[in-house]
Amino acid sequence: MTPDLTTTYLGLPLRSPIVASASPLTGDLDTLLELEAAGVGAAVLPSLFEEQIEHEQVDVHELLEHMTHSFGEALTWFPELDDYSTGPEAYLEHLRAAKAALGVPVIASLNGISTGGWLRYARLCEEAGADALELNVYAVEADPAVPGAAVEERTVALVREVRAAISIPLAVKVGPFYSAFAHMAGRLHEAGADGLVLFNRFLQPDVDLETLAVEPRLVLSTPTELRLPLRWIAILRGRVPVSLAGTTGVHDWEGALKLLLAGADAVMVASAALERGPAVVQELLDGLRAWLEEREYVSVEQLKGSLSQAACPDPAAFERGNYMRALVSYAPGAGLRGHDPAGR
Ligand SMILES: Cc1cc2nc3c(=O)[nH]c(=O)nc-3n(C[C@H](O)[C@H](O)[C@H](O)COP(=O)(O)O)c2cc1C
């Protein structure tokens, strides 16, 4: 029997757990159709940024131009930059076009950190037909005068305000840098998040030694980065009643499978599709299907969360005990001999 790959994410039935993460690929209608043909269960559009709405002065074109030339292998898959959403009106237009063209759910994305007038776009995205909204809270808290509690409070207030503005499901995409993330996850749920997207991948600036300039150099993810969302999805599964999506480091079906076993409802993919094209989605789904069949699983639902912390015979495997064990079990040279470049 062919395994059933359907899943439910944010209350939306998805035909497959692989979701196209927000990236320039989902900013282009033709590429969206290719992603759909390859089997994605849903697509998240690139973010509309608070700064774009409030000031309309951020030159997104310039930023993207820079990004595309930072990693040459992706150039073939970058849509024409003219097609990328570059302003609030163009954003809504793209959303409407995506909704009209696609059969799978289309998730709009807003990216910002403060409450205020820009949030009217949450409602406008709903009116333009978005099946759900992803709120990306991408912040680098650099002010020594602002404590963590204030940052959490601001984020919770933001989620509350967006929740009050819309009736479609709301996912919140955040970074991992909270001192007590499990507690914060609960607060985000209480504030109205139906789902969490774990995690934002913070792009670190680099220094160009020729020009002595600080450069916003974008590097695509690697498979080892999967471990961070893997741990936290496993910890949160069954403990905070929200949908969970894993993002960062999914480059192969094994990575997707691990996130599902940990408890993800959806697995998001950006870098792999930028590097290898939308067809990579088909590859992931074929691998998942074959594995499920071989192990006689009938569905993704049956598999989801079976290795979560709550279900795991060794809950410490996801916590501090695992760190101590890993250090003790390290044998000099073993790291190199057993080195798997994919980080498995
Ligand atoms: C070129 C590029 C543009 C991106 N744009 C957005 C965006 O607009 N909004 C967003 O929430 N995430 C954005 N992301 C982050 C991805 O959605 C994803 O979370 C991240 O790349 C980690 O997943 P990956 O390992 O599959 O790449 C972008 C990533 C890349 C590489």
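Only the coordinates and a few stated rules stand behind these numbers; no lab work does. Everything quoted here is computed from the prediction, not taken from an experiment. Glycine gets a Cβ as well: all are built from the backbone with ideal geometry, and neighbour counts include every protein chain shown.
How would region 7-306 be classified by its alpha-carbon gyration tensor: rounded, prolate or oblate, with rounded meaning a/c under 1.5 and the a/b versus b/c comparison settling the rest? Spell out each step's value before the answer.
Working: a/c = 1.28, a/b = 1.13, b/c = 1.13.
Rounded is the answer for region 7-306, as its axis ratio a/c remains below 1.5.
In whole Hz and in residue order, list the ³J(HN,Hα) couplings for region 275-281 that follow from phi through the Karplus curve 6.51 cos²θ - 1.76 cosθ + 1.60, θ = phi - 60°; x for Gly and Pro.
These are the phi-based 3J(HN,Hα) values: 6, 10, x, x, 4, 4, 4 Hz.
So what is the relative contact order for the chain, in percent, with contacts set as C-alpha pairs under 8 Å and at least six apart?
Numbers: 632 pairs, mean separation 66.2, N = 344.
Dividing the mean separation by the residue count of the chain yields 19 percent.
Grab the DSSP H runs of the chain that are 4 residues or longer, score each as -39,500 (n - 2.57), total them, divide by all residues and round the 222 nm result to the nearest 500 deg cm²/dmol. Walk me through the numbers before you get to the answer.
Working: 14 runs with 133 residues, N = 344.
Taken over the chain, the calculation gives -11000 deg cm²/dmol.
If a paramagnetic tag sat 7 Å from the Cα of A157 along the Cα-Cβ line, which residues of region 102-123 would have the backbone N under 12 Å from that point?
114-116
Applying the Karplus parametrisation 6.51 cos²θ - 1.76 cosθ + 1.60 with θ = phi - 60° to the phi angles of region 288-295, what ³J(HN,Hα) value in whole Hz is obtained for each residue in order, glycine and proline being reported as x?
4, 4, 4, 5, 4, 5, 4, 8
What is the set of long-range amide H partners of V19 at a cut-off below 5 Å, with H atoms built 1.01 Å from backbone N?
Those lying under 5 Å, H to H, from V19 are G41, V267, M268, V269.
Using amide H atoms built 1.01 Å from N in the peptide plane, name the residues 5+ places from Q309, or on other chains, whose amide H lies under 5 Å from its own.
I235, R237
Scan around E134 for amide H atoms under 5 Å from its own, H built in the peptide plane at 1.01 Å from N, and keep only partners 5 or more places away or cross-chain.
A108, S109, L110, A171
When the Karplus curve 6.51 cos²θ - 1.76 cosθ + 1.60 is applied with θ = phi - 60°, which whole-Hz ³J(HN,Hα) does each residue of region 251-259 get, with x for Gly and Pro?
Each residue of region 251-259 in turn: 10, 8, 5, 4, x, 4, 4, 4, 5 Hz.
For the chain, the longest stretch holding no GluC sites (Glu not before Pro) located in a DSSP loop with at most 15 other Cβ atoms within 10 Å is which?
Details: sites that count: E56, E80, E141, E210, E296, E319.
Formally, the longest exposed-site-free interval is 211-295.
Along Cα→Cβ, 7 Å out, is where each label goes; now give me the distance between the ones at L327 and E89 in nm to one decimal.
5.9
Excluding R231 itself, what net charge comes from residues whose Cβ is under 14 Å from its Cβ, given Lys and Arg +1 and Asp and Glu -1? Walk me through the numbers before you get to the answer.
Values: positive: R227, R237, R239, K258, R320; negative: E225, D314, E319.
Result for the local shell: +2.
May I ask you to compute the full-extension gain from E283 to E141, defined as 0.36 nm times their residue separation minus their alpha-carbon distance, rounded to one decimal in nm? Don't jump to the answer; show the numbers that get you there.
Details: separation 142, 0.36 × 142 = 51.12 nm, distance 3.82 nm.
Separation in residues times 0.36 nm, less the Cα-Cα distance, equals 47.3 nm.
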